[in-house]
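Enquirer: After the structure tokens below, expect a handful of questions from me.
The values are calculated or read from the model by the stated rules, or taken from the named source; none is laboratory data. Because the structure is a prediction, the values reported are computed rather than measured. Quick reminder, even Gly has a Cβ in these numbers, built from the backbone with ideal geometry, and neighbours come from all protein chains shown. When the accessible area is computed, the model is the full protein with side chains, heavy atoms only, and any ligands, DNA or RNA have been set aside. Shrake-Rupley method; radii C 1.70, N 1.55, O 1.52, S 1.80 Å.
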Amino acid sequence: MAAPAAPGILLTSRPLDEYCGLFGLTRAALAAVRGPVLDCPGGAAGLTAEARALGCHVIAADPAYAAPLPAVTARALAGRDAMAGAMAGAMRAAPHLYPAPRDLPPDRYLRSWDRARRLFAADSAAHPEDYVAAALPSLPFADHTFALTLSGYLLLAYPGQFGPRHQLAGLLELARVTAPGGEARIYPLHDGDGRRCPHLGDLRRELGRHRVSSEIRAFPRPGDGRTRRILVLTHARSRIHRPAGVPSR
């Protein structure tokens, strides 16, 4: 049975185009992926449904899927409402974390979440095999399963729930299930207040000791052209095993 979702973590409903903006992707790039894609955590996103229309097979993994679908969608709606209530103040306090309102009006942004949530509900009912109840750092997938792995708004975004030891274990697990020649992409590198992970260098050194290569990749953020940074993990050798124990820092 999957571990329960950690308290305080927002269940989001991001559409495919938002994923592309977060992870430096395009629809064409997703359509060209040779092999399955992992979205972990998947939340109530539209990615799996929308990518299927491109010919891209996405598996979503999230501990929330252990609950009945109506409970998941209700939690996603609560997440949408929480985001709506927080956006105005957050955009004033930390405008560098958000597209300018002229580029993405808040009401249009929230409507995109509503559409993604509806797509998720319909698709997860029609294709339940593509929505797996699972939580980092222990995923029920074989080594090297995915050509591309995406992990948004989790390990480094909630340092109160995930300390350095858990973060490292989660990153190693994302690397383990990613195929040689593929990538695991992680965003953001900061918490909800915009504070960059202070021990990211230590995490990357530990990843290197486990033979996982990492880089910080920067690209222009859609809309305003400001820089977005993601953590990209790749194999430094042909096989990454789930570690029996991860040293704490």
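Enquirer: With both bridge residues required to lie in segment 116-249, what share of the DSSP beta bridges run antiparallel, to the nearest 5%?
Expert: Percent antiparallel among DSSP bridges in segment 116-249 is about 70.
Enquirer: If you take every DSSP beta bridge whose two residues both sit in segment 130-207, what share of them, in percent to the nearest 5, is antiparallel?
Expert: That works out to approximately 25 percent antiparallel.
Enquirer: Also, quick follow-up: Testing the spin-label approximation: label points 7 Å from Cα along Cα→Cβ at Arg108 and Ala32. State their distance in nm.
Expert: So the two model labels end up 2.8 nm from each other.
Enquirer: Taking the simple approach of a point 7 Å from Cα along Cα-to-Cβ for both Ala133 and Ala67, what is their distance in nm?
Expert: 1.2 nm
Enquirer: Next question. Efficiency by 1/(1 + (r/R0)^6): what FRET value for His57 and Asp193, r their Cβ-Cβ distance, R0 = 30 Å, to the nearest 0.05?
Expert: 0.25
Enquirer: Take the alpha carbon gyration tensor of segment 118-205, find the square roots of its eigenvalues, order them as a ≥ b ≥ c, and report rounded if a/c is under 1.5; if not, report prolate when a/b exceeds b/c, else oblate.
Expert: It is oblate, given that a/c is not under 1.5 and a/b is not larger than b/c.
Enquirer: Additional query: Calculate the spin-label point distance for Phe219 paired with Ala78, positioning each point 7 Å from the Cα along the beta-carbon direction, and give it in nanometres.
Expert: 3.4 nm
Enquirer: Here's another thing I want to ask about it. Order Ser13, Ser112, most accessible first, counting only protein heavy atoms with a 1.4 angstrom probe.
Expert: Sorted by accessible area, descending: Ser112, Ser13.
Enquirer: Still on this structure, please answer the following. Want the number for Asp202 to Ala236: 0.36 nm per residue separation, take away the alpha-carbon distance, what's left?
Expert: Length difference between fully extended and current span is 10.5 nm.
Enquirer: Give me the percent of the accessible area of segment 134-199 that comes from carbon and sulfur atoms, probe 1.4 Å, all protein chains in place.
Expert: About 53 percent, which is the carbon plus sulfur part of the accessible surface.
Enquirer: Estimate the FRET efficiency between Arg229 and Ala126 by the formula 1/(1 + (r/R0)^6), using the beta-carbon distance for r and 35 Å for R0, to the nearest 0.05.
Expert: 0.45
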